[in-house]
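*Asks:* Structure incoming, see below.
The values are calculated or read from the model by the stated rules, or taken from the named source; none is laboratory data. Since the model is a prediction, treat every value here as computed from it, not as a measurement. A quick note on method: Cβ atoms are made from the backbone with ideal geometry, for glycine too, and the neighbour counts reach across all protein chains shown.
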Amino acid sequence: MNPLASIPSAPPPAMSEGVFALVLALLLIAPLAIAGVALLNTGLGRSRSAAHALLGNLAVVAVAAMVFALIGATLTGSLPGASGSAGFSFHAAGKSWNWLGSGSFQLAGMGNAAPQAQLAVLFEFLSVAMAVLLPWGSGADRFRLAAGCATAVILSAIVFPLAAHWIWAGGWLASLGVNFSLGAGFLDMGGAATVHALGGLSALAVVWIAGPRRGKFPKEGLSTAMPGHNAAYVLFGCMLASVGWLAWNAAGAILWLRAPLAALPLTAINTLLSASAAIVATLILTRVRFGKPDASLCANGWLAGLVASSACAAIATPAETIFVGAVAGIFTPLLVELLELALSVDDPSGAVTVHGAAGLWGLFAAGLFAPQPGQLLAQLVGIAALLGVILPLVYLLFALLNRVVPFRVDPDGERMGMDLHELGGGAYPEFVIHRDESYR
Amino acid sequence: MKYAGLLVMPAGFFLTLAALALFPQSPQRVAFVVCGLAVEGLGLVIAVRGHMLPRGANHP
């Protein structure tokens with residue numbers, strides 16, 4: 001406890017000790033989702049970059065946590081500052097547009113803050129940790145560790161706080177309901193926008209700037225298949241992520257939707273239903289298209305279902321959630337194929353599709369199935385903000401960063417493998433590492 | 001091309017904001033928000049095309 005910390009001028013609604021303990025317990029389980037995604041990132045890359053991928057997962061999370069504590073949490077504004085300021089606003093069309101937070105500097109007074117504010121900050125820490133993992137996975141096999149950490153700095157200091165303030169900390173998107181009678185304002189209970197869409201769009205920026213892996217798109221013919229090196233990591237990562245996701249969505253429903261405890265079992269069931277419908281849809285689709293189900297695409301389908309549920313698990317009915325998951329499961333393999341074969345996007349972890357596209361779809365579906373009138377329009381405005389502001393902003397910042405800290409490893413390093421080049425040792429020292437030519 | 005696309009996307013976003021500020025009635029507001037999203041989609045298509053590798057180029 002900090003005895004010098006001031007009392008916030010506008011405390012959030014009171015939360016009972018029991019609910020506080022429950023949400024805290026849920027948030028302590030939620031990092032399993034991060035662990036699951038880290039395993040997926042590693043398994044979907046090549047064996048000669050496995051240690052680099054897993055170490056990078058830890059490094060970017062560590063950097064993001066520190067930068068968010070030092071800078072990002074202040075700009076998010078979930079923890080009221082000494083002045084009790086609600087953030088930076090401007091007035092247009094007779095309305096107040098709150099666009100940036102001004103919370104407590106470096107988490108000062110966290111121990112004295114209202115329970116709900118403390119849990120909100122913890123939720124945001126986990127969210128920023130997940131968000132920075134997604135571009136790291138997409139840049140696998142050519143993205144330098146220093147560049148990965150530098151992108152984590154930018155995301156956790158600037159981009160994530162901006163989006164999190166708009167959506168979770170009383171920003172203009174959260175106020176769409178009050179200011180413009182659009183439902184309950186933009187709804188994002190589990191981070192479909194702030195974590196997954198933001199991370200997926202950042203992944204797209206990384207893939208565009210870093211370029212494809214060497215030999216991925218040869219001069220002639222189709223793109224070269226570079227399958228993930230460990231399907232067991234990938235599928236176990238999905239199982240691990242599911243446990244974390246159940247806790248994540250339940251905690252988000254209480255924190256951001258003020259859902260009663262009685263709504264939590266249905267939220268958990270909907271989370272599982274969305275993932276289940278998605279994997280079944282992907283399984284059938286890949287079976288029909290390729291003759292056999294594809295393990296990595298099915299894993300991506302499962303994860304896309306979980307991502308879509310992050311927006312609507314506490315809002316939709318079970319039947320509607322099955323529909324949401326099934327749609328995510330159908331478009332995931334198709335979009336992965338389109339990005340790779342037609343659009344020259346080399347995304348080893350599939351984050352652009354699985355987190356970016358499925359996150360946006362989940363947000364749209366939340367508006368479609370929410371009972372409040374005007375909710376769909378609020379969700380569309382939020383999606384427009386993600387595509388129209390966050391993607392260009394991330395791309396601009398990453399392009400500038402690339403001039404200072406080059407994203408891409410040199411050709412020799414890529415040929416050698418990221419493990420040997422950047423770490424000096426491989427993840428599997430007794431295994432034979434395949435050369436590029438073996439993929440052809 | 002790639003930068004042009006990324007510049008068009010914020011233009012779509014401002015169209016969406018303008019819809020909120022200028023049209024209190026629902027039908028026009030919905031139409032303008034959808035138009036804003038369409039402009040963003042156009043910008044995304046341009047950005048994607050700008051980043052596509054040309055056929056026959058010396059790829060990494």
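*Asks:* Looking at A:Gly183, A:Gly177, A:Gly211, A:Gly199 in this structure, which one is more than 11 Å from A:Gly382 (Cα to Cα) and modelled with pLDDT of 95 or more?
*Replies:* Working: A:Gly183 fails: modelled with pLDDT of 95 or more; A:Gly177 fails: modelled with pLDDT of 95 or more; A:Gly211 fails: modelled with pLDDT of 95 or more.
Answer to the selection: A:Gly199.
*Asks:* Suppose we filter the stretch A:195-221 for residues that are assigned to a loop (DSSP other than H, G, I, E, B) and more than 9 Å from chain B (Cβ to nearest Cβ); how many remain? Before the answer, list the steps.
*Replies:* To start, the set of residues in the stretch A:195-221 that are assigned to a loop (DSSP other than H, G, I, E, B) comprises A:211-221.
Checking which are more than 9 Å from chain B (Cβ to nearest Cβ) leaves us with A:221.
Going through the stretch A:195-221 one residue at a time, the tally reaches 1.
*Asks:* Quick one: count up the residues across the stretch A:166-194 that are over 16 Å from A:Leu393 (Cα atoms) and assigned to a helix (DSSP H, G or I). Before you say what the answer is, go through the steps one by one.
*Replies:* Step one: list which residues in the stretch A:166-194 are over 16 Å from A:Leu393 (Cα atoms), which gives A:167-192.
Imposing the further condition that a residue be assigned to a helix (DSSP H, G or I) reduces the set to A:167-168, A:176-180, A:192.
Number of matching residues: 8.
*Asks:* Just one of B:Gly41, B:Gly50, B:Gly12, B:Gly5 is more than 7 Å from chain A (Cβ to nearest Cβ), closer than 12 Å to A:Pro392 by Cβ and part of a helix (DSSP H, G or I); which is it?
*Replies:* On the way: B:Gly41 fails: closer than 12 Å to A:Pro392 by Cβ; B:Gly50 fails: closer than 12 Å to A:Pro392 by Cβ; B:Gly12 fails: more than 7 Å from chain A (Cβ to nearest Cβ).
Only one candidate qualifies: B:Gly5.
*Asks:* Please go through (1) surrounded by fewer than 18 Cβ atoms within 10 Å (Cβ to Cβ); (2) more than 30 Å from A:Gly215 (Cβ to Cβ); (3) under 23 Å from the mean Cα position of the chain (by Cα) for A:Gly101 and return the number of the only condition it doesn't satisfy.
*Replies:* Failing condition for A:Gly101: (1).
*Asks:* Check off (1) surrounded by 16 or more Cβ atoms within 10 Å (Cβ to Cβ); (2) within 30 Å of A:Leu176 (Cβ to Cβ); (3) within 14 Å of chain B (Cβ to nearest Cβ) for A:Ala326 and give me the number that stays unchecked.
*Replies:* Answer for A:Ala326: the failing condition is (3).
*Asks:* From A:Val288, A:Val280, which residue is in a helix (DSSP H, G or I), β-branched (Val, Ile, Thr) and without any contact (Cβ under 8 Å) to a residue 40 or more places away in the chain?
*Replies:* A:Val288
*Asks:* Say whether the condition of being closer than 30 Å to A:Leu235 by Cα, crowded, with 17+ Cβ neighbours inside 10 Å and more than 14 Å from chain B (Cβ to nearest Cβ) is met by at least one residue in the stretch A:65-73.
*Replies:* Yes, the stretch A:65-73 contains a residue that is closer than 30 Å to A:Leu235 by Cα, crowded, with 17+ Cβ neighbours inside 10 Å and more than 14 Å from chain B (Cβ to nearest Cβ).
Yes/no per residue for (1) within 14 Å of chain B (Cβ to nearest Cβ); (2) under 21 Å from A:Ala366 (Cα atoms); (3) surrounded by 18 or more Cβ atoms within 10 Å (Cβ to Cβ):
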site: A:Pro227; (1), (2), (3): no, no, no
site: A:Ala232; (1), (2), (3): no, no, no
site: A:Cys238; (1), (2), (3): no, no, yes
site: A:Val243; (1), (2), (3): no, no, no
site: A:Leu255; (1), (2), (3): no, yes, yes
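*Asks:* Whether any residue in the stretch A:399-417 is under 28 Å from A:Phe186 (Cβ atoms), surrounded by 19 or more Cβ atoms within 10 Å (Cβ to Cβ) and at the interface with another protein chain (Cβ under 10 Å from one of its Cβ atoms) is what I want to check.
*Replies:* No, because not a single residue in the stretch A:399-417 is under 28 Å from A:Phe186 (Cβ atoms), surrounded by 19 or more Cβ atoms within 10 Å (Cβ to Cβ) and at the interface with another protein chain (Cβ under 10 Å from one of its Cβ atoms).
*Asks:* Also: So if I check each of A:Ser104, A:Ser96, which one is more than 14 Å from chain B (Cβ to nearest Cβ) and at pLDDT below 95? Quick ask: steps written out before the conclusion?
*Replies:* Numbers: A:Ser96 fails: more than 14 Å from chain B (Cβ to nearest Cβ).
A:Ser104 is the lone residue from the list that is more than 14 Å from chain B (Cβ to nearest Cβ) and at pLDDT below 95.
*Asks:* Right, here's the next one. Could you list all residues from the stretch A:291-314 that are assigned to a helix (DSSP H, G or I), small (Gly, Ala, Ser), in contact (Cβ under 8 Å) with a residue 60 or more places away in the chain and under 19 Å from A:Leu187 (Cα atoms)?
*Replies:* First pass over the stretch A:291-314, keeping only residues assigned to a helix (DSSP H, G or I): A:295-312.
When the remaining residues are screened for being small (Gly, Ala, Ser), the result is A:295-296, A:299, A:301, A:304-305, A:308-311.
Filter again for in contact (Cβ under 8 Å) with a residue 60 or more places away in the chain, leaving A:295-296, A:299, A:308-311.
Within the stretch A:291-314, A:Ala308, A:Ser309, A:Ser310, A:Ala311 meet the criteria.
*Asks:* Next up: Picking from A:Ala326, A:Ala366, A:Ala370, A:Ala427, which residue would you name as being touching a Gly at 6+ places or on another chain (Cβ under 8 Å) and of a type in the set (Gly, Ala, Ser)?
*Replies:* Values: A:Ala326 fails: touching a Gly at 6+ places or on another chain (Cβ under 8 Å); A:Ala366 fails: touching a Gly at 6+ places or on another chain (Cβ under 8 Å); A:Ala427 fails: touching a Gly at 6+ places or on another chain (Cβ under 8 Å).
Going through A:Ala326, A:Ala366, A:Ala370, A:Ala427 in turn, the sole match is A:Ala370.
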